[in-house]
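Peer 1: Quick one: this structure, given as structure tokens, is what I'll be asking you about.
The values are calculated or read from the model by the stated rules, or taken from the named source; none is laboratory data. Given the structure is predicted, the values throughout are model-derived calculations rather than measurements. When we count neighbours, we look across all protein chains shown, and the Cβ atoms used for this are built from the backbone with ideal geometry, even at glycine. These area figures cover heavy atoms from the full protein model, side chains too; ligands, DNA and RNA do not enter into them. Shrake-Rupley method; radii C 1.70, N 1.55, O 1.52, S 1.80 Å.
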Amino acid sequence: MEQPSLSRRLVAEGLGTTLLLATVVGSGIMGESLAGGNLALALLANALATGAGLLALILMLGPISGAHFNPAVTLADAASGGLPWRDAAGYLAMQVAGAFAGVALAHGMFGEPVFSASRHVRAGGAQFLSEFTATFGLLAVIWGVARRRSTAVPFAVAAYISAAYWFTASTSFANPAVTMARAATDTFSGIRPADVPAFLVAQLLGAAAATTLFRWLVPALPRVAAEVVMPRVDPAAIREAR
């Protein structure tokens with residue numbers, strides 16, 4: 001089975017990221033409105049909805065684009081030889097555009113302005129360390145699981161993100177496109193625009209650290225890079241190519 005065309009893969013990345021942000025922002029608005037001031041309950045609703053939505057989106061679109069929905073994943077995959085750099089540029093553009101479209105979609109469903117600058121402060125060393133850890137862990141999960149059971153990666157990623165909502169002080173953005181777009185929502189899941197640069201630096205450092213570590217732990221890792229987050233070609237064809 002041939003790999004889907006670049007245009008199909010780019011549309012899949014944009015669509016997936018749009019629906020991911022609609023899930024994150026929309027469930028945050030709904031959770032906060034129904035929680036009656038109980039922030040733990042609102043966060044639980046947000047985490048469960050995000051994890052479930054992410055799993056469904058990866059399974060739905062993974063066979064087309066690999067279901068990155070995340071510039072950190074795309075850059076790590078390209079650096080490992082799993083995605084040509086010329087394709088990675090298109091992935092990044094569609095992920096960012098899709099993320100902002102997802103915020104607008106969520107706002108439209110809940111009667112909010114299309115975009116609104118967030119006032120949610122997420123600054124400081126603890127937040128930086130949290131985002132480094134969250135993104136490091138995400139890439140470690142992807143690389144660690146993909147090398148043996150690529151079909152289990154969607155479930156592992158969804159489980160990790162749901163858990164990381166709770167064990168990181170930042171609630172685990174772990175995604176540069178998500179971070180930039182969430183600066184445009186003054187709701188439960190938002191982040192103040194001034195805090196975005198530090199998050200982006202932490203995320204990229206975390207992704208680079210995890211990828212570097214796993215390249216050392218598993219020297220054969222580049223062989224499975226094309227299967228991140230899900231194989232974009234038939235697994236049998238990948239094995240024959242090896």
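Peer 1: Determine whether Val73 is β-branched (Val, Ile, Thr) and either surrounded by fewer than 19 Cβ atoms within 10 Å (Cβ to Cβ) or over 17 Å from Leu20 (Cβ atoms) (or both). Spell out how you get there, then give the answer.
Peer 2: Details: β-branched (Val, Ile, Thr): yes; either surrounded by fewer than 19 Cβ atoms within 10 Å (Cβ to Cβ) or over 17 Å from Leu20 (Cβ atoms) (or both): no.
Taking the combined requirement at face value, the residue does not satisfy it.
Peer 1: Inside the range 125-176, can you point out the residues that are aliphatic (A, V, I, L, M), farther than 17 Å from Gly62 by Cβ and buried (at least 23 other Cβ atoms within 10 Å of the Cβ)?
Peer 2: Taking the range 125-176 and keeping what is aliphatic (A, V, I, L, M), we get 126, 129, 134, 138-142, 145-146, 152-153, 156-159, 161, 163-164, 169, 174.
The next check asks that each one be farther than 17 Å from Gly62 by Cβ; those that pass are 126, 129, 134, 140, 163-164, 169, 174.
Result: Ala134, Ala164, Ala174.
Peer 1: Report yes if Ser80 is open to solvent by 60 Å² or more (accessible area, probe 1.4 Å) and farther than 21 Å from Ala159 by Cα, otherwise no.
Peer 2: No; evaluated as a whole, the condition is false for this residue.
Peer 1: Show the residue pairs meeting these rules: Cβ distance below 6 Å; 6+ apart or different chains; first residue within the range 95-114 and β-branched (Val, Ile, Thr); second residue open to solvent by 10 Å² or more (accessible area, probe 1.4 Å) and part of a helix (DSSP H, G or I).
Peer 2: Between residues of the range 95-114 that are β-branched (Val, Ile, Thr) and residues that are open to solvent by 10 Å² or more (accessible area, probe 1.4 Å) and part of a helix (DSSP H, G or I), the close pairs are Val114/Ala104.
Peer 1: Let me ask something else. Can you find even one residue in the range 139-149 that is more than 16 Å from Ala207 (Cα to Cα) and either touching a residue at least 12 places away in the same chain (Cβ under 8 Å) or among the acidic types (Asp, Glu) (or both)? Steps first, please.
Peer 2: Restricting attention to the range 139-149, the residues satisfying the condition of being more than 16 Å from Ala207 (Cα to Cα) are 147-149.
Narrowing the set further to residues that are either touching a residue at least 12 places away in the same chain (Cβ under 8 Å) or among the acidic types (Asp, Glu) (or both) leaves 147.
Looking for residues that are more than 16 Å from Ala207 (Cα to Cα) and either touching a residue at least 12 places away in the same chain (Cβ under 8 Å) or among the acidic types (Asp, Glu) (or both), one finds at least one in the range 139-149, hence yes.
Peer 1: Is it the case that the range 23-30 has a residue that's within 19 Å of Ser170 (Cβ to Cβ), of a type in the set (A, V, I, L, M) and touching a Lys or Arg at 6+ places or on another chain (Cβ under 8 Å)?
Peer 2: yes
Peer 1: Could you please find all residues in the range 208-223 being surrounded by fewer than 16 Cβ atoms within 10 Å (Cβ to Cβ), outside any helix (DSSP H, G or I) and in contact (Cβ under 8 Å) with a residue 24 or more places away in the chain?
Peer 2: Ala220
Peer 1: What number goes with the only condition from (1) under 16 Å from the mean Cα position of the chain (by Cα); (2) open to solvent by 60 Å² or more (accessible area, probe 1.4 Å) that Leu55 does not pass?
Peer 2: Status for Leu55: all satisfied but (2).
Peer 1: Can you say whether Thr179 is touching a helix residue (DSSP H, G or I) at 6+ places or on another chain (Cβ under 7 Å) and closer than 30 Å to Met30 by Cβ, as far as the supplied structure shows? Walk me through how you get there before you give the answer.
Peer 2: On the way: touching a helix residue (DSSP H, G or I) at 6+ places or on another chain (Cβ under 7 Å): yes; closer than 30 Å to Met30 by Cβ: yes.
Here the answer is yes, as Thr179 does meet what is asked.
Peer 1: For the structure I just gave you, tell me whether Ala194 is assigned to a helix (DSSP H, G or I), of a type in the set (Gly, Ala, Ser) and over 17 Å from the mean Cα position of the chain (by Cα). Don't jump to the end; show me each part of the working.
Peer 2: Numbers: assigned to a helix (DSSP H, G or I): yes; of a type in the set (Gly, Ala, Ser): yes; over 17 Å from the mean Cα position of the chain (by Cα): yes.
Judged against the criteria, Ala194 is a match.
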